[in-house]
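This report concerns only the one structure given below.
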Amino acid sequence: MMKKLTLIILAILILALTACKSNSSSTPALGSGSVYFPVYQITAPADGKILGLILEKGDRIGQEQPLFAVDDQQLAAEIKEAATDAARTEAEIKAMQNGQNRADNTAAIAAAQQQYEQAAAQEAKMASLYKQGAIARRQYEAASAAKAAAQAALSTAQSAGQPVKASPETIAEKQKLLEEQQQKYHALLQKQLALEEESPCTGIVTEKHLNAGDTAAAGQEVLAIRDLENCSAVIKISAQAAQNLKIGQSITARADSINKNFNGSIAKIEGTDVTVNIDNTSLDLKEGMEISITVN
């Protein structure tokens, strides 16, 4: 009995020593700091009237959701014209490749009519969503251009007579023209894309300087958005410790006040100041909360 008791005591001592050793070898905290959230200043990408801005101070916004666009009516008209030209040329190529008899032409008109009706319905839907701020302007403009293109294709089908099947050389010339028209259309879309702003983060609007319909100058501040899902902290360490760190190195941020750990990485090392970025998808971290940082 005494021997069994001695063995139990020895086992307990071994476990205790092992736990102490484990605790003493655990990675010490690199340092501590206060949480802060980045604020993005959203500026007008060009001179012009602000369109589609329906957010107000205090509103929540998701990452990549549309914020606003700068109006360029001439560019919008050029996009529709380019889409129409390409659609008309494409319809002409199909007719040149196949030739048409009266029955073929009737079928082509019916198909073109159906495509136009679908495009018109989609354009109406996108117009409604755009007014609600649910989609970016380019999505509405693309639907509008598609409607114009479908209308051009329908017009071409309706006006077609009974063309003779064209030669390969003539078709090749038309196809080259179509490629040029499509390239022009996509280049114009890229110009329009540069006039739109999306939210860089999931956050909250902290400032609103302009409203929809206001005229902005290029670079003028329109909104300020504070990130909610990503935060940072700056910790001070020794110069020797800084030499052992590298950008992108993973870290763990510990918030004792809420008894929770968060993943993150080292974003910047400037002398003895180390900036870490922290994943706050859970939204548990708050501005000014104290955290300790451990390198993984």
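When you scan region 173-201, how many residues do you find that are in contact (Cβ under 8 Å) with a residue 12 or more places away in the chain, under 30 Å from residue 221 (Cβ atoms) and part of a helix (DSSP H, G or I)?
The qualifying residues number 5.
Looking at region 202-227, which of its residues are open to solvent by less than 60 Å² (accessible area, probe 1.4 Å), of a type outside the set (Asp, Glu) and either touching a His at 6+ places or on another chain (Cβ under 9 Å) or in a strand (DSSP E or B) (or both)?
Residues satisfying the conditions are 203, 204, 205, 206, 208, 216, 222, 223, 224, 225.
The rows are residues; the columns are (1) of a type in the set (A, V, I, L, M, F, W, C); (2) modelled with pLDDT under 95.
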site	(1), (2)
29	yes, yes
37	yes, no
52	no, yes
89	no, yes
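Just a yes or no: is a residue in region 134-143 open to solvent by 20 Å² or more (accessible area, probe 1.4 Å), modelled with pLDDT under 85, touching an Asp or Glu at 6+ places or on another chain (Cβ under 7 Å) and within 21 Å of residue 181 (Cβ to Cβ)?
Yes, because at least one residue in region 134-143 is open to solvent by 20 Å² or more (accessible area, probe 1.4 Å), modelled with pLDDT under 85, touching an Asp or Glu at 6+ places or on another chain (Cβ under 7 Å) and within 21 Å of residue 181 (Cβ to Cβ).
Please verify whether residue 195 is crowded, with 18+ Cβ neighbours inside 10 Å and within 30 Å of residue 67 (Cβ to Cβ), treating the condition exactly as stated.
Spelling it out, residue 195 is indeed crowded, with 18+ Cβ neighbours inside 10 Å and within 30 Å of residue 67 (Cβ to Cβ).
Which condition number in (1) out of contact with any strand residue (DSSP E or B) (no Cβ under 8 Å at 6 or more places or on another chain); (2) under 30 Å from residue 41 (Cα atoms) is the one that residue 203 fails?
(1)
Can you give me the number of residues within region 228-257 that are open to solvent by 50 Å² or more (accessible area, probe 1.4 Å), part of a strand (DSSP E or B) and β-branched (Val, Ile, Thr)?
Qualifying residue count, region 228-257: 1.
Could you please find all residues in region 258-271 being under 11 Å from residue 284 (Cα atoms) and open to solvent by 20 Å² or more (accessible area, probe 1.4 Å)?
Residues satisfying the conditions are 258, 259, 260, 261.
Taking the criterion of being at pLDDT 90 or above and surrounded by fewer than 18 Cβ atoms within 10 Å (Cβ to Cβ), would at least one residue in region 79-86 satisfy it?
yes
The values are calculated or read from the model by the stated rules, or taken from the named source; none is laboratory data. Keep in mind that what you see is a predicted model, and the values were worked out from it rather than measured. All Cβ positions, glycine included, derive from the backbone under ideal geometry; neighbour counts span all protein chains shown. Quick note on the areas: whole protein, heavy atoms, side chains included, nothing else; ligands and nucleic acids left out. Shrake-Rupley method; radii C 1.70, N 1.55, O 1.52, S 1.80 Å.
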